[in-house]
1. Those residues that are of a type outside the set (Gly, Ala, Ser), without any contact (Cβ under 8 Å) to a residue 40 or more places away in the chain and either touching a Lys or Arg at 6+ places or on another chain (Cβ under 9 Å) or farther than 15 Å from LEU109 by Cβ (or both), I need them from segment 170-196; list them, please.
2. Would you mind stating whether LEU134 is in contact with a Leu (Cβ under 9 Å, 6 or more places away or on another chain), under 24 Å from LYS79 (Cα atoms) and at pLDDT 90 or above?
3. Return yes when HIS55 is closer than 30 Å to GLU171 by Cα and either in contact with a Gly (Cβ under 7 Å, 6 or more places away or on another chain) or open to solvent by 40 Å² or more (accessible area, probe 1.4 Å) (or both) and no when it is not.
4. How about segment 1-87: which helices (runs of 4 or more DSSP H) wholly inside it have at least 3 residues that are among the hydrophobic types (A, V, I, L, M, F, W, C) and touching a residue at least 24 places away in the same chain (Cβ under 8 Å)?
5. Tell me which residues, restricted to segment 184-198, are of a type in the set (Lys, Arg) and more than 17 Å from the chain's Cα centre (by Cα).
6. Check ILE96, ILE67 and return the single one that is over 23 Å from ILE4 (Cβ atoms) and of a type in the set (Val, Ile, Thr).
7. Looking only at residues that are small (Gly, Ala, Ser) and either in contact (Cβ under 8 Å) with a residue 24 or more places away in the chain or part of a strand (DSSP E or B) (or both) in segment 125-145, which one is nearest to PHE195 (Cα to Cα)?
8. If I ask for residues that are within 26 Å of HIS199 (Cα to Cα) and loosely packed, with under 13 Cβ neighbours inside 10 Å, which ones from segment 103-124 would you list?
Amino acid sequence: MRLIRALITLHQTYHRRAPGTRLHILIRFLTCPFLRVLHAVPRDARSLLEIGAGHGVFARLAAARGIRRVAGVEPDVRKMGRVEGVTYIAGYDDAIRGTFDVIALLDVLYAIPAAQWDGLLTRAHARLAPGGTLLVKEQDPASIKNRWNRAQEWISMKLLRITLANAFDYESTEAFTARLTRLGFREVTAKRVDFGYPHPHVLYVARK
């Protein structure tokens, strides 16, 4: 999907939302490499679940690309609203049933205590169809860019309170790759996808 098409899709989806919400969505899109993550979704994928979907930006772009069944779960009801092509459910990862070809977590784990990561990732593994793909987009804590990221997230969590979070945890790319392997994922890769962005985005891709 090209940038202009993505912007048109998002405008058509969110133009009736409140101005503050639209601005939040635009800034989120411009500072997160959604399209690079979307490129990692297998072309033959027919279903996708986004855990911690936020306003549903990535889920909407996945649906616009042609994925037939797209679902998003989000515990923060302030971000809920109708999103075309997406089954959008208020709750956590256990709020929806079934298996999926792709499960995506974009900037979700850092807001959850690291002690709970194994449980969430194990449940994601169980929800993937055989040969399915897990996509995890987080930040590289070793990068100098992460200083800006931590400042921004502190403002979002503590001052503006637009991010629902219980933690601020990151793990090195080596440690997180090892974690996914230990939990039974195969073909685990980690790739920086932050060129041109102010944050040190890292994309992990793993197979069941």
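1. THR173, GLU174, THR181, ARG182, ARG186, GLU187, VAL188, THR189, LYS191, PHE195
2. Answer is yes for this residue.
3. Spelling it out, it is not the case that HIS55 is closer than 30 Å to GLU171 by Cα and either in contact with a Gly (Cβ under 7 Å, 6 or more places away or on another chain) or open to solvent by 40 Å² or more (accessible area, probe 1.4 Å) (or both).
4. Fully inside segment 1-87 and qualifying: 3-14, 34-39, 57-65.
5. ARG186
6. None of the other options fit; the residue is ILE96.
7. SER143
8. Those that are within 26 Å of HIS199 (Cα to Cα) and loosely packed, with under 13 Cβ neighbours inside 10 Å: PRO113, ALA115, ASP118.
The values are calculated or read from the model by the stated rules, or taken from the named source; none is laboratory data. Quick caveat, the model's predicted, so the values are computed rather than measured. Quick reminder, even Gly has a Cβ in these numbers, built from the backbone with ideal geometry, and neighbours come from all protein chains shown. When the accessible area is computed, the model is the full protein with side chains, heavy atoms only, and any ligands, DNA or RNA have been set aside. Shrake-Rupley method; radii C 1.70, N 1.55, O 1.52, S 1.80 Å.
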